[in-house]
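A.B. asks: Handing you a structure now.
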Amino acid sequence: MRLVVTKTSLKLFLRWTQRVLFGAAVAMLAYCGFVVMDAWTFQKEEGRQLERLVTERKQANGKARQTAALGSPEYSSPVMPGLIGRIEIPRLGLSVIVMEGTSRTTLRRAAGHISSTALPGQAGNTGISGHRDTFFRPLQNIRQNDIITLTTLLGQYRYRVVSMMVVSRYDVEVLDPTGSEILTLVTCYPFYFVGSAPSRFILRAERV
């Protein structure tokens, strides 16, 4: 049995294939545009929230000091659920909001605090994760002794980079608790790997 394909049928098939591929390309570009715009909008909104809450807390602390002298109870400003703060590395131009958790949605929009690790300002190992192809891409140019600033509702913390290393994706010992205040940044490696990266880039910084 022979299958006969006429020129008309072939042209029709190619035309529809072209349309399908073009539609898929447009859909992919639209999704990429949505992801970029969604992340940008989220960063702007959470950044404004952080600035507002930090200002309110400073004002509340000022009032608390005044009322404490009169024997009134200290006022505590509310904390925004999920919002940890902002991490910045001035030399690299890196500035990104940090949210609680490392879900897919969170890491698409921000850097994520690894829930099993210490919070900023606490003794221990504070772990923060971010995507290598978005917010943490500048980490490929990090240097020892670079300064990292982490601004939260409770204060601003500065860290000095002490080491960088590449480990297996299964090596979670880098997040083990420590006795001193340590900041550990985690992202996939290699930075320009296509697909699911096999390793993790680990940056370790000490509180200064």
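The values are calculated or read from the model by the stated rules, or taken from the named source; none is laboratory data. Predicted model only: the values in this text are computed from it and were never measured. FYI the Cβ positions are ideal-geometry reconstructions off the backbone, even for glycines, and counts take in every protein chain you see.
A.B. asks: In this structure, does Phe191 turn out to be surrounded by 19 or more Cβ atoms within 10 Å (Cβ to Cβ) and assigned to a loop (DSSP other than H, G, I, E, B)?
C.D. replies: Values: surrounded by 19 or more Cβ atoms within 10 Å (Cβ to Cβ): no; assigned to a loop (DSSP other than H, G, I, E, B): yes.
Taking the combined requirement at face value, the residue does not satisfy it.
A.B. asks: Would a scan of region 185-197 turn up a residue that is in contact with a Gly (Cβ under 8 Å, 6 or more places away or on another chain) and within 29 Å of Lys58 (Cα to Cα)? Break it down into steps so the answer makes sense when it comes.
C.D. replies: Our first condition is that a residue be in contact with a Gly (Cβ under 8 Å, 6 or more places away or on another chain); within region 185-197, this holds for 185-187.
From what's left, within 29 Å of Lys58 (Cα to Cα): 185.
There is at least one residue in region 185-197 that is in contact with a Gly (Cβ under 8 Å, 6 or more places away or on another chain) and within 29 Å of Lys58 (Cα to Cα).
A.B. asks: Where residues in region 166-185 are in contact with a Lys or Arg (Cβ under 6 Å, 6 or more places away or on another chain) and assigned to a strand (DSSP E or B), which of them is surrounded by the fewest Cβ atoms within 10 Å (Cβ to Cβ)?
C.D. replies: In the first step, residues of region 166-185 are kept if they are in contact with a Lys or Arg (Cβ under 6 Å, 6 or more places away or on another chain); the result is 167, 169, 181, 184.
Now drop any that are not assigned to a strand (DSSP E or B), which leaves 167, 181, 184.
Working: Val167: 15, Glu181: 19, Thr184: 21.
Restricting to residues being in contact with a Lys or Arg (Cβ under 6 Å, 6 or more places away or on another chain) and assigned to a strand (DSSP E or B), the top hit is Val167.
A.B. asks: For region 68-110: of the residues being at positive phi and surrounded by fewer than 11 Cβ atoms within 10 Å (Cβ to Cβ), which is modelled with the lowest pLDDT? Give the steps one after another, and end with the answer.
C.D. replies: Initially, region 68-110 is screened for residues at positive phi, giving 71, 82, 85, 93, 101.
Those still in the list that are surrounded by fewer than 11 Cβ atoms within 10 Å (Cβ to Cβ) too: 71, 93.
Values: Gly71: 54, Gly93: 96.
Among residues in region 68-110 that are at positive phi and surrounded by fewer than 11 Cβ atoms within 10 Å (Cβ to Cβ), the one modelled with the lowest pLDDT is Gly71.
A.B. asks: Which numbered condition in (1) in a helix (DSSP H, G or I); (2) modelled with pLDDT of 95 or more is the only one that Thr55 fails?
C.D. replies: Of everything listed in (1) in a helix (DSSP H, G or I); (2) modelled with pLDDT of 95 or more, Thr55 misses just condition (2).
A.B. asks: Could you check Leu154 against (1) modelled with pLDDT under 95; (2) more than 30 Å from Gln49 (Cα to Cα) and say which number it fails?
C.D. replies: (2)
A.B. asks: Right, here's the next one. Within region 118-138, is even one residue more than 25 Å from Val54 (Cβ to Cβ), surrounded by fewer than 19 Cβ atoms within 10 Å (Cβ to Cβ) and at pLDDT 95 or above? Step through it out loud before you land on a result.
C.D. replies: To start, the set of residues in region 118-138 that are more than 25 Å from Val54 (Cβ to Cβ) comprises 131-133, 137.
With the extra rule that they be surrounded by fewer than 19 Cβ atoms within 10 Å (Cβ to Cβ), the set shrinks to 131, 133, 137.
Next cut, at pLDDT 95 or above only: 131, 137.
Looking for residues that are more than 25 Å from Val54 (Cβ to Cβ), surrounded by fewer than 19 Cβ atoms within 10 Å (Cβ to Cβ) and at pLDDT 95 or above, one finds at least one in region 118-138, hence yes.
A.B. asks: Same structure, new question: Do you know which residues across region 150-165 are in a strand (DSSP E or B) and under 19 Å from Ala123 (Cβ atoms)?
C.D. replies: Step one: filter region 150-165 for residues in a strand (DSSP E or B), giving 150-152, 155-165.
Correct list: Leu150, Thr152, Gly155, Gln156, Tyr157, Arg158, Tyr159, Arg160, Val162.
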